[in-house]
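Colleague: First the structure, which I've put down as structure tokens, then a few questions once you've had a look.
The values are calculated or read from the model by the stated rules, or taken from the named source; none is laboratory data. What you are looking at is a predicted structure, and each value in this text was computed from that prediction instead of being measured. Neighbour counts run over all protein chains shown; Cβ positions are idealised from the backbone, glycine included.
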Amino acid sequence: MTGGRAVLAAVAVALLAACGPTQVQQEFQKPTCQPSGVLGLMAQAVPTSRFLPCIAQFPAGWSFEANDIESSRASFWMNSDRAGFKALEVTLTRTCRPTGEPLPSDTVGTRLFAADGKGKRYVGARYYLFQGGCIVYRFDFPRAQAPFLVTDMTNAVGVFPRAALLEAARKLGLKV
């Protein structure tokens, strides 16, 4: 291999190595609706919460962006090819003060409140209140596509029961 090719190969390997761990790390950070370390961290962050927010599915054009888990709070963001970067933020806390109107909840064991703004974009929040916690969806969608994006959002985000996470940990032999 000539010197130029060797340098080119070394640069290519370095660039691929730099990209790889980020993708692998991001995969482990996704709070999907199955027992995982990320859901375990959320459960530790908000130890009173009966439910943990999770990604149930990825509607077409949606992707996971990042999460932020700290004491008393856990958040994650999703991107949409139609609504933009961080179009949806989902946050779990112990308590919250909902705004908006009460609606029939689509999640058993929760109370739902919806607050939607007016303007060029459809910006709002959904508050799911339940024993020991509150999950808030904050969104910012183009108004013309809002009905489709709200459906996507509702299908994308689910809840994982803390009890199921504890049972999975016990089956692995962990003391909980």
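Colleague: Is it true that Leu103 is under 30 Å from Gly37 (Cβ atoms) and aliphatic (A, V, I, L, M)?
Modeller: So Leu103 does not fit the description; no.
Colleague: Of all residues in the range 147-176, which are assigned to a helix (DSSP H, G or I), surrounded by fewer than 18 Cβ atoms within 10 Å (Cβ to Cβ) and either touching a strand residue (DSSP E or B) at 6+ places or on another chain (Cβ under 8 Å) or among the basic types (Lys, Arg) (or both)?
Modeller: Arg170, Lys171
Colleague: Please work out which residue is surrounded by the fewest Cβ atoms within 10 Å (Cβ to Cβ), limiting yourself to the range 54-98 and to residues that are among the β-branched types (Val, Ile, Thr) and in a strand (DSSP E or B).
Modeller: Among them, the one singled out is Thr93.
Colleague: Between Ala12, Ala18, Ala43, Ala6, which is of a type outside the set (Asp, Glu), at pLDDT 50 or above and part of a helix (DSSP H, G or I)?
Modeller: Ala43
Colleague: Moving to a separate point now. May I ask you to verify whether Asp140 is at pLDDT 95 or above and assigned to a helix (DSSP H, G or I)?
Modeller: No, not satisfied.
Colleague: Mind listing just one residue for me: the one in the range 145-167 that is more than 15 Å from the chain's Cα centre (by Cα) and of a type in the set (D, E, K, R) and, of those, nearest to Val90 (Cα to Cα)?
Modeller: Top of the filtered list is Arg162.
For every residue, the table says whether it meets (1) touching a strand residue (DSSP E or B) at 6+ places or on another chain (Cβ under 7 Å); (2) small (Gly, Ala, Ser); (3) on the phi < 0 side of the Ramachandran plot.
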site	(1), (2), (3)
Arg73	yes, no, yes
Met78	yes, no, yes
Ala87	yes, yes, yes
Arg97	no, no, yes
Val108	no, no, yes
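Colleague: Something else about it: Which condition from (1) within 23 Å of Pro31 (Cβ to Cβ); (2) out of contact with any Gly (no Cβ under 7 Å at 6 or more places or on another chain); (3) in a strand (DSSP E or B); (4) not small (Gly, Ala, Ser) is the one that Pro102 breaks?
Modeller: (1)
Colleague: Out of all the residues in the range 69-128, which are small (Gly, Ala, Ser) and touching a helix residue (DSSP H, G or I) at 6+ places or on another chain (Cβ under 8 Å)?
Modeller: Ser71, Ser72, Ala74, Ser80, Ala83, Ala87, Gly119 - these are the residues of the range 69-128 that are small (Gly, Ala, Ser) and touching a helix residue (DSSP H, G or I) at 6+ places or on another chain (Cβ under 8 Å).
Colleague: For the range 44-67, give me each residue that is among the charged types (D, E, K, R) and under 27 Å from Glu167 (Cβ atoms).
Modeller: Within the range 44-67, just Arg50 meets the criteria.
Colleague: So is Ala146 of a type in the set (Gly, Ala, Ser) and touching a residue at least 60 places away in the same chain (Cβ under 8 Å) or not?
Modeller: Taking the combined requirement at face value, the residue does not satisfy it.
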